[in-house]
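In what follows, a structure is listed as structure tokens, so that the remarks can point back to it.
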Amino acid sequence: MYDPSQPYPSQRSPVAARNLVATSQPLATQAGLRALARGGNAVDAALAAAITLTVVEPNNNGVGSDAFCILSTGGSQPEIIGLNASGRAPLAWDLSRFAGRERMPRLGWDAVTVPGAVSAWVALSDRFGQLPFADLFVDAVHYAEEGFHVGPKSAYYWQLLASTYASFDDFSAHFLPAPAAGEVFRRPELGHSLRLIADSRGESFYRGELAAQIIAASEQAGGAMTREDLATHQVDWVQPTTLAYRDVVLHELPPNGQGLAAQIALGILRHLPLKEVDSAPWLHYQIEAMKVAIRAAFDHFADPEAMYLDPEQLLEPGGLQAIAQTIRPDQASELPPLALPTSQDTVYLTTADADGAMVSFIQSNYVAFGSGIVIPGTGIAMQNRGAGFVLDADHPNCVAGGKRPFHTIIPGFVSAAGQPVMSFGVMGGHMQHQGHVQMVTRIFDHGQNPQAASDAPRWHLTPDYQVLLEPGFADDTVQALGRMGHDVKVDGTEATFGGAQLIQRLADGYVGASDHRKEGQVGGF
């Protein structure tokens, strides 16, 4: 059983069922449920939802995105498996290409790494799917060709970002004028591209007709991406890193993502006293632990082949305990400002089926619609993950050809006693690892149900260590943090605090949640 109480203002209730899908867009949730109803499993549902999201939530993800996944197989002996489908930099990239710049560009071809989302769909379907691959595209193709009603939050950001991309002619032709909420928007060119991907099991995107169109656009605009860059892309099946936290285990993918930072923070918090939920001391300990984790991420996280320290060294128990002992209960620490590019623009989804399988899946353009590059005639918007590199030759995350950049997007997973207990994520760039910490502590330290944990006000530690608090914390809590020395500010900017989707296992079935900060939905049967 779970506690169904909702102590925070909310427009949503937890949903319990034997099959669940939680996404940031109701049309995608329904696509996932239909995949389950047709005999698919949790992987099929996740993929149907993810592919649909590329059509109906283009301000956050697309066919040109990257993706990561953690999943648990069903049955009596479940296995937790990770997938890194992020793309690599064009082989021709090196520091000299970006000479004279202070940082990596966010727009244009010099921000585009090889998109990996399509390869994630293929790899997951091949290994775990039950439905034919083409069946996963039915809803996405329908909405692309027949149109979909634009959601209110998507419309808001679509309109807000229109001027950012207005100078990109192919973007303007496909995405502008920006639609209003409730307006029907059609993307027939993308529908055709999705059909090519479905029929070729992704080959068209990396080696066929679509690949040729991508490379032609790159060459015409002076980009560095080549046919070889696309054709040699491959996913990596990886073993998630683990961190024992009280009675559960948090699973994250190893870098180039930032999930390890959530584990570092919780590895420190397990050595600190548990305080009353939402109190100033409770927030203080989490923020102090997160400062250490963020510093570690900015200093060390990169393509795993380029890192100077491996995850095991960064999670060394003695080191985390020693750090915990330096945290004062009534005094904020000071750390020098750091800054890597951050963004709040991602989609996260999670699914679970009656056979016990659970999927934690995330895909993202990085910033908004991505680089501004839309491949003519295809509707494919290219991500801008290259902005995650740095231009410091001594940093492990320095830009280089064939290298994966630092990634903010991270799927989360929790197990207990060898059994999966929660699949979750909190999209939102620099908020993601912080959101993972907050969900784990609320649910497993304080027994909140997933919707209550999602509804609760959040804290956000900026890259320069300012503490932003979402409205909803008590005034005396805010003031107490200030007296401790935190640079604290109440911030009502919804996007700052991300968007969560969560599914927690029950004795029979699951309970799920979808964040009111997004236009999403959790549904089941």
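The values are calculated or read from the model by the stated rules, or taken from the named source; none is laboratory data. This is a predicted model, so every value here is computed, not measured. Glycine gets a Cβ as well: all are built from the backbone with ideal geometry, and neighbour counts include every protein chain shown. To get the accessible areas, we keep the full protein, side chains included, count just its heavy atoms, and leave off ligands, DNA and RNA. Shrake-Rupley method; radii C 1.70, N 1.55, O 1.52, S 1.80 Å.
Between A221 and L335, the modelled labels are 3.5 nm apart [label points 7 Å from Cα along Cα→Cβ].
Averaging the sequence gap over all C-alpha pairs within less than 8 Å and six or more residues apart, then dividing by the number of residues, gives region 469-525 a relative contact order of 24 percent. Normalised by 2.2 N^0.38 Å, where N counts its residues, the alpha-carbon radius of gyration of region 389-438 equals 1.57. (i) 22.7; (ii) 34.2; (iii) 23.8: which one is Kirkwood radius over Cα pairs in Å as calculated from this entry? The listed entry that was calculated here is (i). For the chain, what is the relative contact order in percent, using Cα pairs closer than 8 Å and at least 6 residues apart in sequence? With pairs under 8 Å counted, the relative contact order is 27 percent. Solvent-free Debye calculation, one equal scatterer per alpha-carbon of region 464-505: log10 I(q)/I(0) at 0.30 Å⁻¹ equals -1.07. Hey, for a label at V490 modelled as a point 7 Å past Cα toward Cβ, could you say which residues of region 447-478 have their backbone N under 18 Å away? Answer for this model: 456-461, 467-478.
Volume per residue for region 28-76 equals 75 cubic angstrom (convex hull of Cα atoms). Computed over protein heavy atoms with a 1.4 Å probe, the carbon and sulfur contribution to the accessible area of region 413-483 reaches 47%. Using all pairs of distinct alpha-carbon atoms, the Kirkwood hydrodynamic radius of region 87-159 works out to 16.3 angstrom. Rounded, prolate or oblate for region 98-227? Axes are the square roots of the Cα gyration tensor eigenvalues, ordered a ≥ b ≥ c, and the cut-off for rounded is a/c under 1.5. Taking the square roots of the gyration eigenvalues as a ≥ b ≥ c, region 98-227 is oblate. Once C-alpha pairs closer than 8 Å and six or more residues apart are averaged by separation and normalised to the residue number of region 373-525, the relative contact order reads 19 percent. Label-to-label distance, A393 versus D169, with points set 7 angstrom from Cα along the beta-carbon direction: 3.9 nm.
Using a probe of 1.4 angstrom and keeping all protein chains present, the accessible surface of the chain works out to 34 square angstrom per residue. Working from label points 7 Å from Cα in the Cα-to-Cβ sense, the A231 to D508 distance is 5.6 nm.
With an a/c value of 1.5 or above and a/b larger than b/c for the gyration tensor axes a ≥ b ≥ c computed over the alpha-carbon atoms, region 250-290 is described as prolate.
At an R0 of 25 angstrom, the distance between the Cβ atoms of Q325 and A474 translates into a FRET efficiency of 0.30.
Can you give me the % of accessible surface on region 294-339 that is carbon or sulfur? Probe 1.4 Å, all protein chains present, nothing else counted. After summing per-atom areas, the C and S share lands at 52 percent. Taken along its three principal axes, the alpha carbon spread of region 183-296 comes to 58, 40, 30 Å, from the longest extent down to the shortest.
With all protein chains present, how much of the accessible area of region 137-231 (probe radius 1.4 Å) comes from carbon and sulfur, to the nearest whole percent? Summing carbon and sulfur atoms, their accessible area is 52 percent of the total for region 137-231.
A straight line joining the Cα centroids of region 135-162 and region 390-418 runs 29 Å. Across region 379-525, the fraction of Cα-Cα pairs farther apart than 20 Å, rounded to a whole number, is 58%.
If the Kirkwood radius is taken over C-alpha pairs of region 3-133, then at 37 °C and 0.692 mPa s the Stokes-Einstein diffusion coefficient equals 188 µm²/s.
When H284, H300 are compared by accessible area of protein heavy atoms, the largest-first order is H300, H284, using a 1.4 Å probe. The stretch between Q313 and E79 holds 81.8 nm of extra length on full extension. This uses 0.36 nm per residue minus the Cα-Cα distance. Pairs spanning more than 25 Å between alpha-carbon atoms, out of K291/K489; K275/K518; K153/K403: K275/K518; K153/K403.
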